[in-house]
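The structure under discussion appears below in the form of structure tokens.
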Amino acid sequence: MESITSFLSVEFFLILGLLLVSGLVQGFLGFAFSLVAMSLMPSILGFRDAITFMVLMNLTVMILAFYWTKGGFSWKEAKTMVVGGAIGVPIGVYIMVAFDERILVFLLGLLFVMMPVNHFFLNRNRKKEASRNWELPVGLMSGTLAGGFNMGGPPVVAYVY
């Protein structure tokens, strides 16, 4: 009985609610599951535990999203970005393991601040098409963020947008 009581704790319901909200945002926008979840999950589980837990959650969400949208995906178009992502993931994992948790939380917070600053202030008058030369660096950045913070989507979304 004690194990059931400890399982149904306040943290459990906070995590469940956060995953529900994250899933709703993902369903509505088509992305941002990890962005929403990782904004509060470290305060519930701790930083490294949140990263580890979100790997499993994000993998599940991404497999389902890929399955439902596989008809619109082109491996030929995405190969350079996928290679960059594959190189970047181990770099991100190394950063997560090697750096102090305070530095990682600071970097995560900086990432959360810089995304809207970039979108609303730095990117205002750019309406030209992005060069395909940016695909490898964008994939590398995306993979690094995915490996370190489970948030590889923003660079790809910014590139495509």
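The values are calculated or read from the model by the stated rules, or taken from the named source; none is laboratory data. From a predicted model like this one, the values you see are computed outputs, not experimental measurements. Counting neighbours? That spans all protein chains shown, and the Cβs are built from the backbone with ideal geometry, glycine included.
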Flag for Ser43 being among the hydroxyl-bearing types (Ser, Thr, Tyr), surrounded by 15 or more Cβ atoms within 10 Å (Cβ to Cβ) and outside the structural domain of Trp134 (by TED's automatic domain parsing) | no
With criteria (1) surrounded by 13 or more Cβ atoms within 10 Å (Cβ to Cβ); (2) modelled with pLDDT of 80 or more, Pro90 comes up short on (1)
Go through the range 56-81 and give me each residue that's out of contact with any Leu (no Cβ under 8 Å at 6 or more places or on another chain) and surrounded by 15 or more Cβ atoms within 10 Å (Cβ to Cβ).
-> Asn58, Val61, Met62, Ala65
Condition set more than 22 Å from the chain's Cα centre (by Cα) and not aliphatic (A, V, I, L, M), scope the range 1-12, selection modelled with the highest pLDDT: answer is Ser9
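Here is a yes/no grid of residues against (1) β-branched (Val, Ile, Thr); (2) assigned by TED's automatic domain parsing to the domain that holds Gly143; (3) farther than 17 Å from Gly143 by Cβ:
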residue	(1), (2), (3)
Glu11	no, no, yes
Leu18	no, no, yes
Val25	yes, no, yes
Gly30	no, no, yes
Arg48	no, no, yes
Met54	no, no, no
Leu59	no, no, no
Lys79	no, yes, no
